[in-house]
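Asks: I'd like to ask you about the structure that follows.
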Amino acid sequence: MTSDLLLNIDAGSIDWARAQFALTAIYHWLFVPLTLGLAVVMGICETCWYRTLNRSKGAVVDTFWRDCAQFWQRLFGVNFAMGVATGIILEFEFGTNWSNYSWFVGDIFGAPLAVEGIVAFFMESTFVAVMYFGWKKVSPGFHLASTWLTGLGATISAWWILVANAWMQCPVGCEFNPDTMRNEMVSFLDVALSPFAIDKFCHTVISSWIVGAVFVVAVCSWYLMKKRDIKLAVESMKIAAIVGLVTSLGAAMTGHKSGQSVAQAQPMKLAAMEALYNGGTDVGLTAVAWVNPFCQPDYLSEGEAPLKIDLPYGLSMMATNDIHGYVPGINDLLNGYTRADGTREPSADEKIRRGRQAITALAAYRKAKKEGASDSIVNAQLSIVKDNMKYFGYGYVKDKADLVPYIPVNFWAFRIMVGLGCIFILFFALIVILTFRIPFLTIFTRRLLATVGLLPETAADENQVTGLPAWHYWLAIALVPLAYIASESGWIVAELGRQPWTIQDMLPTWVAVSDIEGISVALTFFLFLFLFTLMLAVEISILIKQIHKGPEYSTSLNEK
């Protein structure tokens, strides 16, 4: 992996490879969160069915909860199949478009993906068959376990994929071998259980449950508007509202912890998210500011983003757990700064210089060893490589401005995610309070809504079963695409915020790409765009048909 290699790579292939991977990832993530979210709801419904059976003691059993579970499982199955198809393509792209990356770190990155395929995917694909076809073939207890294990398998699958992604964001448990020119794993546990991976997993999966909860509430709201399947709609809405409220609050807490991980491992990403040009102590957390969404701001000359409103000390507290903590800005990271512990963080120019020194010394080491030079010469070059290996990736950077991610996208995507997250908390809280009729809170909430004109004066505009106003059902349906936007926004921040790195501080994107013609990647880009859009349209069509069809109610049965 030398500078000469870069001269042979088509510049267009870099942009097209990034675009194709982004396209595949975005479409794939349209299916994954709904899979994870519906798994929780259908598991709870079947648990209620199992409890009903245990209480029946041989009497006639109401099959309502079984019908509920089977209905949500049908929707789960449609979405699950689409997610598998896009996920497989995503993994193949590492070999086709990012072969330099795969060769350089395949020993590390491939391990969690292999575990995901061998353990998690086979687990969920095995038990999903029992879940769908085993209702009359296995015991109720085994079937319930299969339903939960299907969801658990999908969650474990997400764990290993997120471990692989987290390693790209914060590489740990590896060492560079100058003889093989590869990064090699030295501790599987460090990779699998890194704090960055744990934080990322918790925040991502909990956020996915929110998407599932919003979807279920929207379907139930449509039934209530149509005055059909009332019992299923009300009971499922209660389950989804509780799941949604708990996970919305959980996403806020895990998001805070994830933000601290980013502050430690990817300070440039945090600075871009906050449009923090010049850091310092007692830094406020920006609520809103005017950051032009169409051009990179002049961070070199601007003191801070104009029209800024922030929460005093908020960013210092989030990043360092100290309201007076120091948070570096973009210019500090480019020019160098002193950490809280007194250590000096080198400037970008210094990192680039040391990175090039590492690359030059590596080439000299390999040449000296090949030509049989003395041990002193070989070891001298090897020592230079090891001393500067931390900045190896910077050696491929030509302009330090390339180290700054596109600020507008990161800034606004982060605020879209957080803003919608706050709306979800209020949305689910309102459902829980009014549908469960919590005495004091219900009276207070109804008076508050009436004061601001959001609660109708006439009972005709209010559902007598749930106590929710009619506008709330329309809001539930409208929030479905917004839930996906919030989820995708989180991934946009995670991935665009670490640019230009494929692996943080180790491998820039233009070094990781395959040496192929850009036109080849462009053709497959538009092919995938057509296929993925068609798949999405088919899924939406099937889901709508299944929702219109509704649950298939069975007559009460006598369980022996």
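Asks: From the set of residues in segment 1-22 that are modelled with pLDDT of 90 or more and surrounded by fewer than 18 Cβ atoms within 10 Å (Cβ to Cβ), which is farthest from Val211 (Cα to Cα)?
Replies: Once the filter is applied, the top-ranked residue is Ala19.
Asks: Among the residues of segment 135-146, is there at least one that is open to solvent by less than 50 Å² (accessible area, probe 1.4 Å), among the hydroxyl-bearing types (Ser, Thr, Tyr) and either in a loop (DSSP other than H, G, I, E, B) or modelled with pLDDT of 90 or more (or both)?
Replies: yes
Asks: Does at least one position in segment 493-504 carry a residue that is within 30 Å of Lys390 (Cα to Cα) and either touching an Asp or Glu at 6+ places or on another chain (Cβ under 6 Å) or modelled with pLDDT under 90 (or both)?
Replies: yes
Asks: Go through segment 525-536 and report how many residues are under 15 Å from Ile88 (Cα atoms) and among the polar types (S, T, N, Q). Can you show your working first?
Replies: Taking segment 525-536 as the starting set, the residues that turn out to be under 15 Å from Ile88 (Cα atoms) are 528, 531-532, 535.
Adding the requirement that they be among the polar types (S, T, N, Q) leaves none.
Going through segment 525-536 one residue at a time, the tally reaches 0.
Asks: Restricting the search to segment 54-103, which residues are in contact with a Ser or Thr (Cβ under 9 Å, 6 or more places away or on another chain), open to solvent by less than 10 Å² (accessible area, probe 1.4 Å), part of a helix (DSSP H, G or I) and among the aliphatic types (A, V, I, L, M)?
Replies: Passing the criteria: only Ala69.
Asks: When you scan segment 191-202, do you find a residue that is within 18 Å of Gln70 (Cα to Cα) and of a type in the set (A, V, I, L, M), even just one? So that I can check it myself, show each step before the final result.
Replies: Initially, segment 191-202 is screened for residues within 18 Å of Gln70 (Cα to Cα), giving none.
The answer is no; no qualifying residue exists.
Asks: I would also like to ask the following. Is there a residue in segment 223-244 that is out of contact with any strand residue (DSSP E or B) (no Cβ under 6 Å at 6 or more places or on another chain), assigned to a helix (DSSP H, G or I) and of a type in the set (Phe, Trp, Tyr)?
Replies: Taking every residue of segment 223-244 in turn, at least one turns out to be out of contact with any strand residue (DSSP E or B) (no Cβ under 6 Å at 6 or more places or on another chain), assigned to a helix (DSSP H, G or I) and of a type in the set (Phe, Trp, Tyr).
Asks: How many residues, within segment 480-513, are β-branched (Val, Ile, Thr) and under 10 Å from the mean Cα position of the chain (by Cα)?
Replies: Going through segment 480-513 one residue at a time, the tally reaches 2.
Asks: So, Ala319, is that one within 19 Å of Met417 (Cβ to Cβ), in a helix (DSSP H, G or I), open to solvent by 40 Å² or more (accessible area, probe 1.4 Å) and not β-branched (Val, Ile, Thr) or not?
Replies: Here the answer is no, as Ala319 does not meet what is asked.
Asks: Something else now. Within segment 230-250, work out how many residues are surrounded by fewer than 24 Cβ atoms within 10 Å (Cβ to Cβ) and without any contact (Cβ under 8 Å) to a residue 60 or more places away in the chain.
Replies: Qualifying residue count for the region: 2.
Asks: Continuing with the same structure: Any idea which residue in segment 325-339 is most open to solvent (accessible area, probe 1.4 Å), counting only those that are outside any helix (DSSP H, G or I) and under 18 Å from Thr286 (Cβ atoms)?
Replies: Checked segment 325-339; the qualifying residue most open to solvent (accessible area, probe 1.4 Å) is Tyr326.
Asks: Could I ask something else about it? Looking at Tyr132 and the list (1) at pLDDT 90 or above; (2) closer than 28 Å to Arg55 by Cβ; (3) open to solvent by 10 Å² or more (accessible area, probe 1.4 Å), which single condition is not satisfied?
Replies: (1)
Asks: For the condition open to solvent by less than 30 Å² (accessible area, probe 1.4 Å) and either in a helix (DSSP H, G or I) or among the β-branched types (Val, Ile, Thr) (or both), what is the one hit in Leu38, Leu30? First the steps, then the outcome.
Replies: Values: Leu30 fails: open to solvent by less than 30 Å² (accessible area, probe 1.4 Å).
None of the other options fit; the residue is Leu38.
Asks: Looking at Thr435, Thr360, can you tell me which residue is closer than 30 Å to Thr204 by Cβ, among the hydroxyl-bearing types (Ser, Thr, Tyr) and in contact with a helix residue (DSSP H, G or I) (Cβ under 9 Å, 6 or more places away or on another chain)?
Replies: Thr435
Asks: Taking segment 264-280, which residues are among the hydrophobic types (A, V, I, L, M, F, W, C) and open to solvent by 20 Å² or more (accessible area, probe 1.4 Å)?
Replies: Listed by number, the residues that qualify are Ala265, Met268.
Asks: While we're on this one: Has segment 292-303 got at least one residue that is among the small types (Gly, Ala, Ser) and assigned to a helix (DSSP H, G or I)?
Replies: Of all residues in segment 292-303, those among the small types (Gly, Ala, Ser) come to 301, 303.
Then drop every residue that is not assigned to a helix (DSSP H, G or I), which leaves none.
No, because not a single residue in segment 292-303 is among the small types (Gly, Ala, Ser) and assigned to a helix (DSSP H, G or I).
Asks: What pairs come out if I take residues in segment 407-423 that are closer than 13 Å to Gly255 by Cβ and pair them with residues that are open to solvent by 30 Å² or more (accessible area, probe 1.4 Å) whose C-beta lies under 6 Å away, six or more apart or interchain?
Replies: Leu420/Leu482
Asks: So, one more: Being at pLDDT below 95, surrounded by fewer than 21 Cβ atoms within 10 Å (Cβ to Cβ), under 19 Å from the mean Cα position of the chain (by Cα) and not hydrophobic (A, V, I, L, M, F, W, C): is that true of Gln260 here? Break it down stepwise before answering.
Replies: Values: at pLDDT below 95: yes; surrounded by fewer than 21 Cβ atoms within 10 Å (Cβ to Cβ): yes; under 19 Å from the mean Cα position of the chain (by Cα): yes; not hydrophobic (A, V, I, L, M, F, W, C): yes.
So Gln260 fits the description; yes.
Asks: Something else: List, please: which pairs have Cβ atoms under 7 Å, are six or more places apart or on different chains, and start with a residue in segment 278-306 that is within 25 Å of Leu420 (Cα to Cα) and end with one that is of a type in the set (D, E, K, R) and assigned to a loop (DSSP other than H, G, I, E, B)?
Replies: Thr286/Lys308; Ala289/Lys308
Asks: Would it be correct to say that Gln357 is in a helix (DSSP H, G or I), open to solvent by 10 Å² or more (accessible area, probe 1.4 Å), free of Cβ contacts under 8 Å to residues at least 24 places away in the same chain and polar (S, T, N, Q)?
Replies: Criteria not met by Gln357.
Asks: When you scan segment 219-229, do you find a residue that is open to solvent by 40 Å² or more (accessible area, probe 1.4 Å) and among the aliphatic types (A, V, I, L, M), even just one? Explain how you work it out, then say what you get.
Replies: So in segment 219-229, the residues open to solvent by 40 Å² or more (accessible area, probe 1.4 Å) come out as 222, 225-228.
With among the aliphatic types (A, V, I, L, M) added as a condition, the list becomes 225.
The answer is yes; a qualifying residue exists.
Asks: Would you check if there is a residue in segment 501-511 being in a helix (DSSP H, G or I) and open to solvent by 70 Å² or more (accessible area, probe 1.4 Å)? Let's see the steps before the verdict.
Replies: Within segment 501-511, the first condition is being in a helix (DSSP H, G or I), and the residues that meet it are 509-511.
Those left that are additionally open to solvent by 70 Å² or more (accessible area, probe 1.4 Å): none.
Checked segment 501-511: no residue is in a helix (DSSP H, G or I) and open to solvent by 70 Å² or more (accessible area, probe 1.4 Å).
Asks: Now a separate question. Tally the residues that are hydroxyl-bearing (Ser, Thr, Tyr) and over 28 Å from the mean Cα position of the chain (by Cα), restricting the search to segment 361-415. Break it down into steps so the answer makes sense when it comes.
Replies: We begin by selecting, within segment 361-415, every residue hydroxyl-bearing (Ser, Thr, Tyr); these are 365, 374, 376, 383, 391, 394, 396, 406.
Next, from what is left, pick out any that are over 28 Å from the mean Cα position of the chain (by Cα): 365, 374, 376, 383, 396.
Residues that pass the stated criteria total 5.
The values are calculated or read from the model by the stated rules, or taken from the named source; none is laboratory data. Source: prediction; values computed, not measured. Here the Cβ is made from the backbone with ideal geometry for all residues, glycine too, and neighbour counts use every protein chain on show. Note: areas computed on protein heavy atoms with side chains; ligands, DNA, RNA excluded. Shrake-Rupley method; radii C 1.70, N 1.55, O 1.52, S 1.80 Å.
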